[in-house]
Amino acid sequence: MVFPELPAVPGVLTSRDIRRTGESIAAAQEPDGALPWFTGGHTDPWDHVESAMGLTVAGLWDQARDAYIWSAKTQRDDGSWPMQIRQGVIENADADTNFCAYLATGMLHFLTVTGDRGFVADLWPTVRAGIDFVLDLPRGAHGEIHWSAGESGSSGEALLTGCSSIYHSLGCALELADRVGDPRPDWASARRKLGGALRDHPEAFLDKSRYSMDWYYPILAGALRGRAAHAHLERHWGEFVVPDLGIRCVSDAPWVTGAETCELVLALDANGNDAAANALFTAIQHLRESDGSYWTGLVFTDGKRWPEERTTWTAAAVILAADALSRTTPGNGIFRDAQPS
């Protein structure tokens, strides 16, 4: 087995730094393969997959496989996952549609990096069931997908960030479907309609414009590209970007966060804004700890890291951003390669 070269961003992080960050994620992994937010914390299916993607880029392929096997073993009969689990105990049994779709992104990324077709074929029924669960739920008039489902049915409300991520996951699922010989034109139709909702019908989504994710996620997910994406980023840049520190999680709080900053780096990279992407990636390194882990965020008015957690998914976002900027592993374009439909 040939392992990939590890990313390095000159003057910012070495390949050894990236490996240490991957090892910080692996250190939190539970015996059953779950990747909680931090040791002893809860696991959610989306951040679990994000962390597995970080392990993959860091060359920790066995640990990533264990994480994806956990996803297969914990999937419910209807194709969904509980929203929150702590050490095997369900804490929130509702399903988040974005969470249930994201395994497709993780598995396409794993296949692209490792070339392990057999493992991905084994996991394909799990991916397919998750996507079918999401698309079998009632949808809004413009194709938007309700964000959660529980015993009383779907929430009846759609989130722009969540739907953007689902849009990206549908693109990954379609590529996987073609690669395994199980084409799904119905998924392509749902993705096209969802893309139209994201671009043309902001009224279809709950107003979460305070949150930076609602700003950059349509670009990260591939629903918006080119001049329109550049103009959209410029329009709200001053609301969220704090020079030399990163970006705010919410526009009206003095709190910069590592994961959101690195996701914006990925969005900027995907749209060709290389200088801004590199500057933000460099800026957010103040959250790095000596063992390679990353604090979730910083309240910059008092200089305190908050919450007092070093989260696996923040570390994973850093690794994925480093890979995109350095063009290192074959999976470095998992977000850049997404195209509008």
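What follows is calculated from the coordinates using simple rules that are stated; it is not laboratory data. This one's a predicted model, so the numbers in the text were calculated from it and none came from an experiment. Glycine also receives a Cβ, built like all others from the backbone with ideal geometry; neighbour counts cover every protein chain displayed.
Sort 8-15, 54-61, 329-336 by the packing proxy (mean of other Cβ within 10 Å over each peptide's residues), most packed first.
The packing order, highest mean first, is 54-61, 329-336, 8-15.
Read phi for every residue in the range 83-96 and hand back ³J(HN,Hα) as whole Hz from Karplus 6.51 cos²θ - 1.76 cosθ + 1.60, θ = phi - 60°, with x for Gly and Pro.
Ordered by residue, 3J(HN,Hα) equals 5, 8, 10, 10, 6, x, 9, 6, 9, 9, 7, 5, 10, 9 Hz.
Would you order GLU309, GLU91, GLU5 from fewest to most other beta-carbon atoms within 10 Å of each residue's own beta-carbon?
GLU5, GLU91, GLU309
Using a cut-off of 25 Å between alpha-carbon atoms, which lysines can reach LYS208, once sequence neighbours fewer than 8 places away in the same chain are excluded?
Output for LYS208: LYS193.
What percentage of all Cα-Cα pairs in the chain are separated by more than 32 Å?
Beyond 32 Å sits 22 percent of the P(r) for the chain.
Please work out the FRET efficiency for the pair ASP186 and THR14, using the Cβ-Cβ distance as r and a Förster radius of 45 Å; give the result to the nearest 0.05.
Numbers: r = 46 Å, r/R0 = 1.01.
Between ASP186 and THR14 the formula returns 0.50.
Can you tally the net charge around GLY196? Count Lys and Arg as +1, Asp and Glu as -1, for every other residue whose Cβ sits under 14 Å from the Cβ of GLY196.
Taking every Cβ under 14 Å from that of GLY196, the sum is +2.
Need the list of lysines near LYS73 for cross-linking: C-alpha distance under 28 angstrom, and skip anything on the same chain fewer than eight residues off.
Filter leaves no residues.
Work through the residues other than VAL241 whose Cβ is under 11 Å from its Cβ and net out their charges, Lys, Arg +1 and Asp, Glu -1.
-3
Karplus couplings for the range 30-37 from phi (6.51 cos²θ - 1.76 cosθ + 1.60, θ = phi - 60°), rounded to Hz, Gly and Pro as x?
For the range 30-37, the Karplus-derived couplings read 8, x, 7, x, 5, 10, x, 4 Hz, x marking Gly and Pro.
Let me make sure I get this right: for the range 272-330, a, b and c are the square roots of the gyration tensor eigenvalues over alpha carbons, sorted descending. Under 1.5 in a/c it's rounded, otherwise prolate if a/b > b/c, else oblate. Which is it?
Note, shape of the range 272-330 comes out oblate.
Remind me, relative contact order of the chain in percent, using alpha carbon pairs under 8 angstrom and six or more residues apart? Spell out each step's value before the answer.
Values: 669 pairs, mean separation 69.2, N = 341.
Relative CO of the chain lands at 20 percent.
Provide the net charge surrounding THR114, with neighbours chosen by a C-beta distance below 15 Å and charges set as Lys +1, Arg +1, Asp -1, Glu -1.
Once positives and negatives cancel, what remains is -3.
Can you list residues whose amide H is under 5 Å from SER148's amide H, if they're 5+ apart or on another chain and H is modeled 1.01 Å from N?
It is THR97, SER155, GLY156, GLU157, by chain and number.
Is the shape of the range 226-305 best called rounded, prolate or oblate, per the rule: a/c under 1.5 gives rounded, else a/b larger than b/c gives prolate, else oblate, with a ≥ b ≥ c the square roots of the Cα gyration tensor eigenvalues?
Oblate is the answer for the range 226-305, as a/c is 1.5 or above yet b/c matches or exceeds a/b.
What list of ³J(HN,Hα) values in whole Hz, one per residue of the range 218-224 in order, does the Karplus curve 6.51 cos²θ - 1.76 cosθ + 1.60 (θ = phi - 60°) give from phi, with Gly and Pro shown as x?
Karplus-based 3J(HN,Hα) across the range 218-224 equals x, 7, 4, 7, x, 6, 10 Hz.
Taking amide H positions as placed 1.01 Å from N in the peptide plane, with prolines and chain starts having none, which residues 5 or more places from GLU91, or on another chain, fall under 5 Å of its amide H?
GLN84, ILE85, ARG86
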